[in-house]
Each structure stands twice: as structure tokens, then as C-alpha cells.
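A.B. asks: First, the structure itself, so that you have it in front of you.
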Amino acid sequence: MKKLLLSVLFLALIAIPSSSFAAATAKKAAVKKVAAKKTVAKKTVKTISSATVKAAQQALAKDGLYKGKVDGMIGPETTNAVKAFQKKNGLKADGIIGPMTLKKLGVK
């Protein structure tokens, strides 16, 4: 009886840390999976040429929303102007110069 009790106690002491380790490992794997999805999502954003950005900036300036230098560079002023334009035109105001925003701006 004493041997049986010691055996059960020994097995319990081995099993508890193993299950905690497995849970921690599973949690780390889940976090890595989410981080990987975010990285992939960032990489799939299509880039646009500086000429297209210039055309968008010109259209935004004509609309009175952009007051910065028309330089083909996307900076805070451009992003804020794009957000204001998107909001004004019923688009998702994310500040990204995407196909729908370009279409509404009249930029090809």
C-alpha cells in the first residue's frame, strides 16, 4: 500500500509540471501564429508609385484637403488629407491610398 501511494504521488509530481509546460508551449505557439498573420498582412499591402501619390496629392489639394508640398511622398499631411477625403466620400477612413480612394479622387 505504501509503495502504491508513493508511486501515485511520484507520477502526480511528474505529470503536473509537464501539463503546465505543454500549456505554456501551446500559448507561445498561438501568439507566434497571430504575429505571423499580422506580418503577412502588412507585406500584402500593394505599393503605389510616387507619380500616383503626386496625382492623389494634387487632387486632394484641389479639393482643399491637402496643403503640403506635392512631392509624391506619403507623410502625415498626406495621410490626414486622405482620411478626411475618405470620410467625406463615405469610404473607410484608413488613410491608405487604395483603389477605391484613387477612383473617387479621379486618379488612374
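The values are calculated or read from the model by the stated rules, or taken from the named source; none is laboratory data. Quick caveat, the model's predicted, so the values are computed rather than measured. Because the Cβ atoms are built from the backbone with ideal geometry, glycine has one as well, and the counts that use them run over all protein chains shown.
A.B. asks: Which of the residues belonging to the stretch 64-90 are under 18 Å from Lys46 (Cα atoms) and either in a loop (DSSP other than H, G, I, E, B) or in contact with a Cys (Cβ under 9 Å, 6 or more places away or on another chain) (or both)?
C.D. replies: Gly72, Met73, Ile74, Gly75
A.B. asks: What is the residue count in the stretch 44-64 for residues that are buried (at least 18 other Cβ atoms within 10 Å of the Cβ) and either without any contact (Cβ under 8 Å) to a residue 40 or more places away in the chain or small (Gly, Ala, Ser) (or both)?
C.D. replies: Matching residues across the stretch 44-64 total 4.
A.B. asks: Provide a single number: the residues in the stretch 91-108 that are surrounded by 14 or more Cβ atoms within 10 Å (Cβ to Cβ) and either part of a loop (DSSP other than H, G, I, E, B) or at pLDDT below 95 (or both).
C.D. replies: Residues in the stretch 91-108 being surrounded by 14 or more Cβ atoms within 10 Å (Cβ to Cβ) and either part of a loop (DSSP other than H, G, I, E, B) or at pLDDT below 95 (or both): 7 in total.
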